[in-house]
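Structure first, then comments.
Each reported figure results from applying straightforward, stated rules to the coordinates on display, with no laboratory input. Since we're looking at a predicted model, the values are computed, not measured. Virtual Cβ from ideal backbone geometry, glycine too; neighbours counted across all protein chains shown.
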Number of protein chains: 2
Amino acid sequence: MPAYKAPVDDTLFLLNDVFAYERYGNLPGFSDAPPDVVKAILEEAAKFAEEVLQPLNQTGDSEGCNRNDDGAVATPTGFKDAYTQMAEAGWIGLTADPDYGGQGLPHVLGAALNEYISSANMAFGMYPGLSHGAYAAIEAHGSDEQKQTYLPHLASGKWSGTMNLTEPHCGTDLGLLRTKAVPRDDGSYAITGSKIFISAGEHDLSENIVHLVLARIEGAEPGIKGISLFVVPKFLPGEDGGVGDRNGVTCGAIEEKMGIHANATCVLNYDEAIGWLVGAPQKGLRAMFTMMNEARLAVGIQGMAQSEVAYQNAAVYARDRLQGRALSGTQQPDKAADPIIVHPDVRRMLMDQKAFNEGARALVVWTALQADVARRSADEAERQAAEDHMGLLTPVIKGVLTDYGFQHCANAQQVYGGHGYVREWGMEQFVRDARIAQIYEGANGIQALDLVGRKLPRDGGRAVMAFFKEVTDFVAAHGEDEAMKPYVEPLGKAARDLERATMWFMANAMAKPDNAGAGSYDYMHLMGLVALGYMWARMAKAAQDSQGNGLDQGFVDAKLVTGRYFMERVLPETATRVARIEAGADTMMALPADAF
Amino acid sequence: MPAYKAPVDDTLFLLNDVFAYERYGNLPGFSDAPPDVVKAILEEAAKFAEEVLQPLNQTGDSEGCNRNDDGAVATPTGFKDAYTQMAEAGWIGLTADPDYGGQGLPHVLGAALNEYISSANMAFGMYPGLSHGAYAAIEAHGSDEQKQTYLPHLASGKWSGTMNLTEPHCGTDLGLLRTKAVPRDDGSYAITGSKIFISAGEHDLSENIVHLVLARIEGAEPGIKGISLFVVPKFLPGEDGGVGDRNGVTCGAIEEKMGIHANATCVLNYDEAIGWLVGAPQKGLRAMFTMMNEARLAVGIQGMAQSEVAYQNAAVYARDRLQGRALSGTQQPDKAADPIIVHPDVRRMLMDQKAFNEGARALVVWTALQADVARRSADEAERQAAEDHMGLLTPVIKGVLTDYGFQHCANAQQVYGGHGYVREWGMEQFVRDARIAQIYEGANGIQALDLVGRKLPRDGGRAVMAFFKEVTDFVAAHGEDEAMKPYVEPLGKAARDLERATMWFMANAMAKPDNAGAGSYDYMHLMGLVALGYMWARMAKAAQDSQGNGLDQGFVDAKLVTGRYFMERVLPETATRVARIEAGADTMMALPADAF
């Protein structure tokens, strides 16, 4: 059975040594969590993930969710108890507003918690994860009454949330959606239609489920402009803060999937269900994007988190499994064979994973800190810069971290040889579970298009220019430092590749948008590589500067080696990405559709 | 439900137009199959794969194999009937020696048949596939009596075969194996031990199962030198060519796996089972390699075959699914949205797959023709050159085609969005099934080590130098041809990258073998890219020269465009591969084992 240990030391290194967490002490919530409290919180989160959630991961996968004929869904054994523990310990409301019963702690701590939960049990983590999205949408767009009605219950975990976008004929293209909302006399709406792929859509963990549903008000214009957002609870809110009548939404089926079996992916049928408009009519998509950005960051975290837990197990196996002898000469002559970690090609897989996981964690922590700044800073310029950062890097984190996450789960499985393919070892589950993260919350190709089509040109390229400036300023500041050269020289080269690709779009995509579309995926990965490279350069600098910080020397040495590995082995891929981008769309689009 | 159409036209293009099949007419077996007969055979093979095997693929996956308490294993519904049809039609013995009841047809036709079967139903195809390996080992190393006893039954499909290498504590490092063989008075041996991961190890398809088993004769030296190969049939051969007593080998369990559920992966327990030595004592590993090379080529074909069927379905979906509008302007104004094939990023995935599938098919056909030459040519120099080719390219085909195969199945799944993750659409099965091909018959890292550690230096580098010469001669011959420049210029550059990497090994790996190990995987992929690039250049040339060959103009145009796409978008990856190889082993090996 696989094991998991939450990387608390690594999170603390990022917070304390790399990103100077204490400098954010002026933001609301941060003063409640000085470094010693942060450490205690992370250690408790680790314990919960390791001891409560991880033991339910493999059993949850094999048991799955079960739907009764009446539409009720039972989660796997142990899930309800774990959920109750999670809610009671306050983890669900960790970052929620204290006005609504939350703990108001920094989002960066929420991101670390998300990582640990997702490594331990991704399918479980989706239940509270969806609640966070619902919370964010109502907080940003709901009326005061809606906030009072829903936010305290979502923060406490007493109620949970979902996002309802997809219909059988429409996923990415939400303009096609048919679910309709008919005004009722009391200001509410009767919602009718069918939604599919609704994660955590029905289950037995919470007292009520708060569905946020995109629908078209009868008579509204076609296309995405006519879409509004509604809150449609499974049970209507009761007078006393409890639940009232059952609403007209039922689970028609749960999907049989490749993975995340312990999360119920539902077909939800709305039959004149009572819902209330959230935000302005026909502004539903904008409101839903609040949930989606939150969700996209969380999905990026899932990719990294699956890679992390798969890596940890592969490393243990590679140290234990005896097979063959080292190319450089026998290492353990007293044993029948050497452990496979002596073989360079096994190291290659482990180092690839380690370099990705730690770089990705840094990127997540950096970005989650920006989320805190964006939401909590009193300085408008700071907030705008932080929002630019998040707008630019959210699609990159979602797309790139989930692509690598899947790939590294497969490589961790590969370390196990044939045992990796067998269910009982648990490695193949990580691969199956990680796969969904590339697909949902906007398939990765959509993230790439969002990045290139929307985020790059927005505000005259302000966000991407700020990103370039930050990276190139760092390269310039440390370019003469001998110890930093192995990091900043490759980073500088990669940043130039990114600038070159950006210029190419500027020169070639205006007249021919297909050139942007054709290069978008490689561009997303190119930016991801530069961002990860920048994170490694920052971590190397922090490791070099760490004398007296109390860091273990082995930890410091490993950072410096792993960062160098990233620069030597991973970052050179930028050259190939640029070549593909510059190939443009002509050949890609040349064939008629029936030639495929 | 997914569909499948065998690419007969593409196979014929390769045989007739690219590799001039008719020039091999002097080899035994080829005269029985002139081009019109080849076409008829391939069309019949296609029909069998499409109509008999493909409809059992999804049901076989969901039903799986079932083991009774007595150790008997039932294959999924319909498998026995399909197997009987396959045997009766003569497909199992297609390439087998007519002296043993086979049809004696060229191996290249066997490779095409394998592809179609594997695309249609990979788990099914493994049953006859393993028989081919057993046939090849007995044909090459067995006594006349063994050949008479086993080969006719293996060729007819009345009996099937297996390979028994792995034990719980030993996979790659067969020197550790413990299964023992004790000589009996009659010249046979009593085999005792436990083997795991035995594909097709027990089932209800054939009257008897012929296990080829690696074991150590009691008292033989430890390590790989002490290993011998035995034939251990499930039922002892009877006097009349039928079966006699049940032998002491039983299926102790079948594994629950990620995929290929319809193939029984068995734990086989040998309890003083009667076996006979195949070949010389203590030369078992060499004899087993005969089976393994055969099997490795077949596994490479599986990778390509899964990518092909996944691609075909993704292409259909991309033409049908309406979602969004083309970046270049609305394409189908009469519909609610354009089909997603108009989006460059969907094209990217389809073109990547198409460029891989067709290039890989060419590499397989080219190499299978070399197998025919190696086994059937009267000219020793020709035979040696063909054997060099096969020795060099077998690990490349196994490793590279299965890596891309898995990746492209995942990309084909991605085209389906959320539907790709749901079982009923069948796309996720391709991903799960394709995954094993990277692991079994020697994990891909082992293929890379075989290539770099054994195949490159063998005979003073004769094989790799011949490969370079063939590629660079082609580049030189067509470098001045304007129409060929888009193909040969990138190919020439890629070949120089491969030469550069080869030189780097020569200069850096002698003194430090870890440098070879550290770069082996990238080298394998680098050689795979050059080999695929060479295939595309050959196909482009054949397409350009095809006037009057009766080829459809759309087919010719698609070849030229797809080849160009490969050169522009896939081949540039060689630069990254070289950079990684030249990074060497120092950083990769720097961390102590406990730093992971």
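How much FRET efficiency would the formula 1/(1 + (r/R0)^6) give for A:Arg500 and A:Lys80, where r is the Cβ-Cβ distance and R0 is 35 Å, rounded to 0.05?
With a Förster radius of 35 Å, E is 0.05.
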Using only alpha carbons, build the gyration tensor for the range A:304-368 and give me the equivalent ellipsoid semi-axes, biggest first, whole Å.
30, 11, 7
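Average partner chain C-beta neighbours within 10 Å, per residue of B:344-355?
6
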In peptide A:568-576, what is the residue-averaged number of other protein chain Cβ atoms found within 10 Å of each Cβ?
6
For B:Lys180, go through the lysines and keep the ones whose alpha-carbon is under 30 Å away, minus same-chain ones fewer than eight residues off.
A:Lys335, B:Lys147, B:Lys158, B:Lys195, B:Lys225, B:Lys234, B:Lys257, B:Lys283
Could you give the angle, 0 to 90 degrees to the nearest 10, between helix B:107-141's Cα long axis and the longest principal axis of the Cα atoms of chain B?
40
Derived scalar couplings ³J(HN,Hα) [the range A:206-213; Karplus, 6.51 cos²θ - 1.76 cosθ + 1.60; whole Hz; x for Gly, Pro]
10, 6, 8, 10, 9, 8, 9, 10
When we measure straight from the Cα of A:Lys559, which lysines land under 19 angstrom away, once same-chain ones fewer than 8 places off are left out?
A:Lys5, A:Lys354, A:Lys485, A:Lys541
Can you list the residues of the range A:1-32 with backbone N under 20 Å from a point 7 Å past the Cα of A:Asp557, pointing along Cα to Cβ?
A:9-10, A:13
Excluding A:Ile439 itself, calculate the net charge of residues whose Cβ lies under 13 Å from the Cβ of A:Ile439, where each Lys or Arg counts +1 and each Asp or Glu counts -1.
0
Sites A:Asp36 and A:Glu380, calculated FRET efficiency, Cβ-Cβ separation with R0 35 Å, nearest 0.05:
0.65
What net charge is computed for the residues neighbouring A:Lys335, neighbours being all others with C-beta under 14 Å from the C-beta of A:Lys335, Lys and Arg scored +1, Asp and Glu -1?
-1
Can you return the lysines within cross-link range of B:Lys512? Criterion is Cα-Cα under 22 Å, with same-chain partners fewer than 8 residues away left out.
B:Lys455
Förster radius 56 Å - calculated FRET efficiency between B:Ser143 and A:Ala253 (Cβ-Cβ, nearest 0.05):
0.40
What spacing in nm lies between the two simple spin-label points modelled at B:Asp459 and A:His169, each 7 Å away from Cα in the Cβ direction?
6.4
Between copies, how far apart are the B:Lys283 label points? List them in nm, one decimal, shortest first, with each point 7 Å from Cα toward Cβ, please?
8.4
Beta bridge orientation in the range B:159-283: antiparallel %, DSSP, nearest 5
80
Can you sort A:Asp557, B:Asp186, A:Asp173 so the residue with the fewest Cβ neighbours within 10 Å comes first?
B:Asp186, A:Asp557, A:Asp173
Segment A:Glu424-A:Asp271, extension gain: residue separation times 0.36 nm, minus the distance between their alpha carbons
50.8 nm
Quick one: net charge of A:Gly29's neighbours, Cβ under 13 Å, K/R +1, D/E -1?
-2
Could you run the Karplus curve 6.51 cos²θ - 1.76 cosθ + 1.60 with θ = phi - 60° over the range B:352-361 and give me ³J(HN,Hα) per residue in whole Hz, x for Gly and Pro?
4, 5, 4, 5, 6, 4, 6, x, 5, 4
Report the one residue of A:Ala262, A:Asn357, A:Val342 whose Cα lies farthest in the direction of the positive end of the charge dipole of the range A:221-366 (charges on C-beta: Lys and Arg +1, Asp and Glu -1; origin at the Cα centre).
A:Val342
From the backbone phi of the range A:237-249, what are the Karplus-calculated ³J(HN,Hα) couplings (6.51 cos²θ - 1.76 cosθ + 1.60, θ = phi - 60°) in whole Hz, Gly and Pro given as x?
x, x, 5, 9, x, x, 10, x, 5, 5, 8, x, 10
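When a/c is below 1.5 the answer is rounded, else prolate if a/b is larger than b/c, else oblate, so apply that to the range A:427-501 with a ≥ b ≥ c taken from the square roots of the Cα gyration tensor eigenvalues.
Since a/c reaches 1.5 but b/c is at least a/b, the shape of the range A:427-501 is classed as oblate.
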Ellipticity estimate at 222 nm from DSSP helix runs (n ≥ 4, -39,500 (n - 2.57)) divided over chain A, nearest 500
-17500 deg cm²/dmol
What nm value, rounded to one decimal, do you get for the distance between A:Asp204 and B:Thr59 when each label is placed 7 Å out toward the C-beta?
3.4
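May I ask you to sort A:Lys180, A:Lys541 by Cβ crowding, counting other Cβ atoms within 10 Å and putting the fewest first?
Placing the least packed residue first, the sequence is A:Lys180, A:Lys541.
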Out of residues 5 or more away from B:Ala253 or on other chains, whose amide H comes under 5 Å of its own, with H placed 1.01 Å from N in the peptide plane?
B:Val267
Give me a single rounded figure for A:445-455: the average over its residues of other chain Cβ atoms within 10 Å of their Cβ.
2
Across the identical copies, how the B:Gly242 labels are spaced - nm, sorted shortest first, 7 Å along Cα→Cβ:
7.7
I need A:Ser156, B:Ser31 ordered by Cβ neighbour count within 10 Å, fewest first.
B:Ser31, A:Ser156
One would report the antiparallel percent of DSSP beta bridges in the protein assembly as shown, rounded to the nearest 5, as 80
Under a point-charge model restricted to the Cβ atoms of Lys and Arg (+1) and Asp and Glu (-1), what is the dipole moment magnitude of the range B:445-590 relative to its Cα centre, in debye to the nearest 20?
340
Would you work out the charge dipole size for the protein assembly as shown about its Cα centre, treating the Cβ of every Lys and Arg as +1 and the Cβ of every Asp and Glu as -1, and quote it to the nearest 20 debye?
1740
Once amide H atoms are built 1.01 Å from N in the peptide plane, which residues 5 or more positions from A:Thr166, or in another chain, come under 5 Å H to H?
A:Ile196
Kirkwood-based Rg to Rh ratio, the protein assembly as shown, C-alpha trace:
0.97
Where the only charges are on Cβ atoms (+1 Lys, Arg; -1 Asp, Glu), what is the dipole of the range B:180-219 about its Cα centre, to the nearest 20 debye?
280
Using amide H atoms built in the peptide plane, which far-off residues or other-chain residues are under 5 Å from A:Asn263 H to H?
none
For A:Glu499, inter-copy label distances in nm, listed shortest first [label point 7 Å out on the Cα-Cβ vector]:
3.5
